[in-house]
Amino acid sequence: MPSNCTLITALDFKTREETLTFLDKTGGALQWAKVGLQLFTRYGPKIVEEIAARGLNIFLDLKLHDIPNTVASAVQSLSELPIRMLTLHASGGHEMLQAAREAQTKHLPETILLGVTVLTSMDDKALKEELGIPSSSKEQVLRLAKLCVDAGVQGLVCSPLEVPTIRESLGNALQLVIPGIRPQGSNTNEQKRIMTPKDAATAGASYIVVGRPITQAENPKAAAQAILEDIR
Ligand code: C5P
């Protein structure tokens, strides 16, 4: 059965020039790009407009987290940008998530909000000893995922290993956007909880986010095409 999984390339570059050179090299192979804090804090909305002008759908990964009114206002401030997905921290709580969802419905109706649950840089020990959260990270991810669903947030960013549990508990309507993807035989870098593109698609990922296996490849276009073939 063909999967409905879509590839998003993470544009984790230092400069605008590097980013645009990379896009020139991939010439039409990419449909989606993730713009994160690194580019956005340096270049602001302009870089988003510039990348979108090349025909790419934009996933803006700003991981918003503040009081409800501030997050809702930030969502409104993004309303003139061509963004298709936007992240916020689920740990901001129900009221924050709901305020963001209301602002998105009103000002960014075409954009999908994605809740970030537990950062993959946190393990069970850090959750317990630093944040005083006694649950395992798996339980905490599920708790925060449910909080997102209750507030009407349409999707989640999570690790590939969490996809089956989330699908089982919360069904197929949620958009699951999955980083930590490594094609067979590629450098894992510091990513630990990884899956191949094909396995993530089969597990139920709606989108996979791939950075270095494409951005650092000798031939980025061929690397992206191989991944697209793998998830088809
Ligand atoms: O280069 P690589 O494929 O590891 O990049 C993955 C992208 O996904 C990076 O932009 C990284 O910040 C992001 N990400 C992640 N793990 C998460 C959330 C986001 O690797 N839990």
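For segment 155-232, the normalised intensity computed at q = 0.13, 0.15 Å⁻¹ comes to -0.37, -0.49 (log10 of I(q)/I(0), Debye sum over alpha carbons, equal scatterers, no solvent). Thr87 sits among other residues whose Cβ lies under 15 Å from its own Cβ, and their net charge, with Lys and Arg +1 and Asp and Glu -1, is +1.
The residue among Gln225, Leu62, Leu144 whose Cα reaches farthest toward the positive pole of the charge dipole of segment 2-231, with charges on the beta-carbon of Lys, Arg, Asp and Glu, is Gln225.
Legend: residue pairs Lys34/Lys63; Lys34/Lys221; Lys34/Lys192; Lys46/Lys106; Lys14/Lys34, Cα-Cα distance threshold 19 Å; pairs beyond threshold, Lys34/Lys192; Lys46/Lys106. For segment 50-131, the alpha carbon positions stretch 45, 28, 14 Å along the principal axes, listed from largest to smallest. Please give the charge dipole size of the chain, origin at the Cα centre, charges +1 on K and R Cβ atoms and -1 on D and E Cβ atoms. Round to the nearest 20 debye. Computed about the Cα centre, the dipole is about 260 debye. Full extension of the chain segment joining Leu20 with Phe40 gains 5.8 nm, where the gain is 0.36 nm per residue of separation less the Cα-Cα distance.
Hull volume per residue, based on the alpha-carbon atoms of the chain and their convex hull, is 124 Å³. Farthest toward the positive end of the dipole of segment 2-231, out of Ser121, Ala53, Leu39, is the Cα of Ala53, where the dipole comes from beta carbon charges about the Cα centre. Each Lys or Arg adds one and each Asp or Glu subtracts one; over the other residues with Cβ under 11 Å from the Cβ of Ser135, this totals +1. Each residue in Phe59, Phe13 was given a count of other beta-carbon atoms within 10 angstrom of its own, and listing them fewest first yields Phe13, Phe59. With contacts taken as Cα pairs under 8 Å at a separation of at least 6 residues, the chain carries a relative contact order of 21 percent. Taken over segment 91-225, the alpha-carbon convex hull comes to 127 cubic angstrom per residue.
Here, each number is a calculation from the coordinates, and none is a lab measurement. These numbers come from a predicted model, not from an experiment. Glycine gets a Cβ as well: all are built from the backbone with ideal geometry, and neighbour counts include every protein chain shown.
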